[in-house]
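Coordinate-derived values only; no laboratory data. The shown structure was predicted, so the numbers you read here are calculated from the model rather than taken from an experiment. Methodologically, a virtual Cβ is constructed for each residue, glycine included, from the backbone with ideal geometry; neighbour enumeration extends over all protein chains shown.
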Amino acid sequence: MKRRKTQHLAQLGLLTALALTAGYIELLIPVPIGIPGIKLGLANLMIVWALYALGPADALAVNGIRILLSGFLFGNLSMILYSLAGASLSFVCMYGAKKSGRFSMTGVSIIGGVTHNAGQLLTAVLVLETKSLLYYGPVLLAAGLITGMLIGIVAGEVQKRVRLKK
């Protein structure tokens, strides 16, 4: 019993470290689009996969810890606020989509990418008190769709090859 808990904790630590590393690598990759907020979402690969491999509680824990660590190590409180807003909406929607059984892993990831950007955009509108930011919406939603699809495809391939013990 104790060995199982230790193994599970080690898996969560490894996934958190991988998500944190992916997020840091993403910060180093320039996105030549010129619109703030567009990122590849590499860390979300671990979150989508954890949602399927370990369940919602573990995926949520990995995501929350990753956001806080990433914000404190590589960003600031503003980055944490926007990341938490996007990740919270994204996670609720991904969990609902997965639970419904109507979406593939790629579909769930697309929903996550789109709603993450929507959550961040709505937070920016509230914080900066300007609705003009909503003009970024279509571009951010398209970016979320494309990156969500790519992350979902890769997560599906990871799921085929890597099995964790629950």
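The equivalent ellipsoid of the range 96-166 has semi-axes of 30, 12, 10 Å, largest first, where each one is the square root of 5 times an eigenvalue of the Cα gyration tensor.
Direction-averaged shadow area of the convex hull around the Cα atoms of the range 63-108, nm²? Provide the component values of the computation, followed by the final result.
Details: hull surface 13.4 nm².
The directionally averaged projection comes out at 3.4 nm².
The protection proxy used here, the mean number of other Cβ atoms lying within 10 Å of each residue, ranks peptides 14-21, 59-66 as follows, highest first: 59-66, 14-21. Of the residues Gln120, Leu140, Ile47, the one whose Cα sits farthest towards the positive end of the charge dipole of the range 2-161 is Ile47 (charges of +1 on Lys and Arg Cβ, -1 on Asp and Glu Cβ, taken about the Cα centre).
Can you tell me which of 153-161, 140-148 comes out highest on packing, and rank the rest after it, using the mean Cβ neighbours within 10 Å?
Numbers: 153-161: 14.1, 140-148: 20.3.
Ranked by mean Cβ neighbours within 10 Å, highest first: 140-148, 153-161.
Run the numbers for Met1 and Tyr24: contour at 0.36 nm per residue of separation, minus the present Cα-Cα distance, in nm.
Here the answer is 4.8 nm.
Pairs of alpha-carbon atoms within less than 8 angstrom and 6+ residues apart define the contacts here; what relative contact order does the range 21-166 have, in percent? Before the final figure, lay out the partial values.
Details: 174 pairs, mean separation 40.1, N = 146.
Relative CO of the range 21-166 lands at 27 percent.
Compare the peptides 23-31, 2-10, 38-46 by average per-residue count of other Cβ atoms within 10 angstrom and give them in order, highest first.
Working: 23-31: 13.0, 2-10: 10.0, 38-46: 23.1.
So the peptides 23-31, 2-10, 38-46, ranked by packing, come out 38-46, 23-31, 2-10.
Are any of the pairs Lys98/Lys131; Lys98/Lys160; Lys2/Lys99 more than 28 Å apart by Cα-Cα distance, and if so, which?
On the way: Lys98/Lys131 32 Å; Lys98/Lys160 17 Å; Lys2/Lys99 30 Å.
Exceeds cut-off: Lys98/Lys131; Lys2/Lys99.
Global dimensions of the range 1-135 from alpha-carbon coordinates: Rg and Dmax equal 15.5, 55 Å.
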